Each structure stands twice: as structure tokens, then as C-alpha cells.
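Below: one structure, written as C-alpha cells.
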Amino acid sequence: MEISYLLLLPAVVLLDALLGEPRRYHPLIGFGYLANKIESQFNNKRIQSGVLAWFLLIIPLALATWFLSGLLGWWFDLLIGYLALGAKSLWQHAKQIQVALEANNIELARERVGWIVSRDTSELNEEEISKAAVESLLENGSDAIFATLFWFAIGGATGVLLYRLSNTLDAMWGYRNSRYLYFGRFSARIDDILNWIPARLAALSYCFFGDFKTAWHCWHTQGIKWYSPNAGPVMAAGAGALGLKLGGDAIYHGKLKPRLELGMGRSPKPKDISRAWNMIKSAMIFWCFIAVFVYLACK
């Protein structure tokens, strides 16, 4: 019996909500280990080497997933979709930051926010920690949740695996430093392409579940100017929807990185971390209803 990927999408969300990520032996950890091995052998700081490494890592696994999906059926798609979705894990990390801030434990909050952002966190104050956590929720909500659901709806296990592994390689290799500037360029561009539509759907979702007018304005006046073509619309729309000011200069790897301000309103507070999550959660549930509606309408 065939079951549409659209109909499986709410089940993927439910499984993640009930079980969360596996505490041990998550497949992405093994993939990260393999990616490090490949990078150490192939990285000669040339674009061609990065392209070859990407294909060697992604294509065989995607083909194997496609074969197993056809062989094992819908439950295999459901399993891979569950493993790919990182909604509960994202909130668990963000919630720990909010709990530490509300307990006035600034050192613990700095440590915990450092787990989910790449900027330097050792000197951040309460407002800056709250801002970093909200930004991470909004951006990773697009990557780990909405893009994952989008590609699962499009291609089931094969589509979501192709996306998540590509996104992981971008996170590992997509840095503009001397080591990855050329080797990681292909991975970064592929991730930009795969995220282009989902990021804008995520931004639109944030508009619907917040201050629509402000979110739309910030998206189309600020987000398009952000250094990341996909993170900009997502973070600007999310900031506007929540009535917050995000962005601004931040320190990365010991250097001050100029960043535009995003959003409108006040500076973030610890409670805004859960406000951001509630907006994301509402949008995620909405996507589930839309998936079922589209399935029934097309049946």
C-alpha cells in the first residue's frame, strides 16, 4: 500500500515530538565522521576537489536510500523523516538557555548558547544571549524544520536525506576561511539552492503567525540585504513578526563581523526565546494541516 509523503509528514512531526533525537548513534554523527575523513583526504583548497567530495559522500547514500525506500515501503520513509527532523532537539537546546537566563546564571547561559551559535559568547550579556538564541531558533527553524519538511514532502526519504546531508556538509565546510574558501564553495552553493524555496516559505509562515505587516516589511527591506540569501529573509521576517530587533555586529572567531540590524521594536529578553519557539511550533503544525489538505484535494 502506497502512502503519500504528504500524509506521512504529520506522522514525522509527531514522532519527533514524542521521541526527539536518538541519544546515541544518530546517523548524522556517523556521516559527520565520514565527511571529516573525506575532507582530510581530498581538501587541496580547490573547488573541483570539493565538488568530487560532495558527490562521493551524497550520491551513493541518496541512491541507497532510494533503493531501500522502494524495497521497504512507507515505514522506511517515516523512519528517515523522523531522523532528519530536528524540531524537538532545537527547542531543548534553546530552552536550556532560557532557563539559565531566568535563573540569572549568565555563565551557564553563555556556555549553552555557545552550543548552537558560532559567534564568540564569552562576553555576551543577557540581552545579547537572548538575541543569539532567538536568531538561532529562527534560522535553524528554517533549516532543521521547514526545509526538512519541504524536502520530505517532495521526495520522501530520498529527498529529505539528500537535503539534510547537503545541509550538514554546508555546516561543516561552508566557511569562508583559508581552509574551506574553495573546497567548501560547492557545498555552500548547493545548500543555498536547496534552501531557497523553503526559506521563503518559512519566512512567510513567520509572517502569518506574528505581526504580518511588520514581518513582511522587514523581510523585503532588510532581509534582502543580509549577507546570507536565505537566512536574511527568515530572520528579518521572524524579527518583525515578534516585534524584536535582531542582527547587529557580532564577534566571530575573534573578529568583529559587521551585520545589519533586522526587525523592528525592542531588544530581546529571555522570554522571547519561548515566544520564537511558539511561533515556529504554530507554523509547523500549520504545515501539517496544509500537507493533509493538499493530499486530500489531490486524491
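The values are calculated or read from the model by the stated rules, or taken from the named source; none is laboratory data. The model shown is predicted, which means the values in this text are computed figures rather than measured ones. Note that each Cβ is placed from the backbone with ideal geometry, even for glycine, and that neighbours are counted across all protein chains shown.
List of remarks:
- Residue count for the stretch 222-248 under the criterion of being in a helix (DSSP H, G or I) and either under 17 Å from N140 (Cα atoms) or in contact with a Cys (Cβ under 8 Å, 6 or more places away or on another chain) (or both): the result is 13.
- Of the candidates S49, S118, S130, S122, the single residue that is crowded, with 22+ Cβ neighbours inside 10 Å and either polar (S, T, N, Q) or under 19 Å from the mean Cα position of the chain (by Cα) (or both) is S130.
- Number of residues in the stretch 69-86 that are crowded, with 20+ Cβ neighbours inside 10 Å, part of a helix (DSSP H, G or I) and not hydroxyl-bearing (S, T, Y) equals 6.
- Looking across the stretch 173-191, the residues that are crowded, with 16+ Cβ neighbours inside 10 Å and either in contact (Cβ under 8 Å) with a residue 24 or more places away in the chain or not in a helix (DSSP H, G or I) (or both) come down to W173, G174, Y175, Y180, Y182, F183, G184, R185, F186, S187, I190, D191.
- Listed conditions (1) modelled with pLDDT of 95 or more; (2) touching a helix residue (DSSP H, G or I) at 6+ places or on another chain (Cβ under 9 Å) are all met by E127, apart from (2).
- Which listed residue is touching a Gly at 6+ places or on another chain (Cβ under 8 Å) and surrounded by 21 or more Cβ atoms within 10 Å (Cβ to Cβ), from G210, G265, G243: G210
- Among the residues making up the stretch 14-32, those that are under 13 Å from Q92 (Cα atoms), part of a helix (DSSP H, G or I) and either among the β-branched types (V, I, T) or within 17 Å of the chain's Cα centre (by Cα) (or both) are D16, A17.
- Test result for N104, surrounded by fewer than 18 Cβ atoms within 10 Å (Cβ to Cβ), polar (S, T, N, Q) and under 20 Å from S274 (Cα atoms): yes
- Just one of (1) assigned to a loop (DSSP other than H, G, I, E, B); (2) among the aromatic types (F, W, Y); (3) crowded, with 24+ Cβ neighbours inside 10 Å fails for W219. It is (1).
- If you go through the stretch 106-127 and keep only what is touching a residue at least 40 places away in the same chain (Cβ under 8 Å) and under 15 Å from K271 (Cα atoms), you end up with E126, E127.
So that you can scan it fast, the table gives a plain yes or no per residue for (1) more than 18 Å from I190 (Cα to Cα); (2) of a type in the set (A, V, I, L, M):
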site	(1), (2)
V12	yes, yes
G30	yes, no
A35	no, yes
E39	no, no
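- Look at (1) over 30 Å from E111 (Cα atoms); (2) at pLDDT below 95 and you find that S40 fails only one, number (1).
- For Q96: the one exception among (1) surrounded by fewer than 16 Cβ atoms within 10 Å (Cβ to Cβ); (2) farther than 19 Å from N167 by Cα: (1)
- Every residue from the stretch 88-113 that is over 24 Å from A144 (Cα atoms) and touching a helix residue (DSSP H, G or I) at 6+ places or on another chain (Cβ under 7 Å): L101, I106, L108
- Pairs, first touching a residue at least 24 places away in the same chain (Cβ under 8 Å) in the stretch 10-29, second in a loop (DSSP other than H, G, I, E, B) and surrounded by 15 or more Cβ atoms within 10 Å (Cβ to Cβ), C-beta under 6 Å, six or more apart: V12/L85; D16/L85
- Lone qualifier among L161, L138 - being closer than 21 Å to V12 by Cα and in contact with a strand residue (DSSP E or B) (Cβ under 9 Å, 6 or more places away or on another chain): L138
- The condition (being out of contact with any strand residue (DSSP E or B) (no Cβ under 9 Å at 6 or more places or on another chain), surrounded by fewer than 17 Cβ atoms within 10 Å (Cβ to Cβ) and of a type outside the set (F, W, Y)) is satisfied by just one residue among I251, I273, I290: I290.
- Residue tally, condition touching a helix residue (DSSP H, G or I) at 6+ places or on another chain (Cβ under 6 Å) and of a type in the set (A, V, I, L, M, F, W, C), over the stretch 58-82: 7
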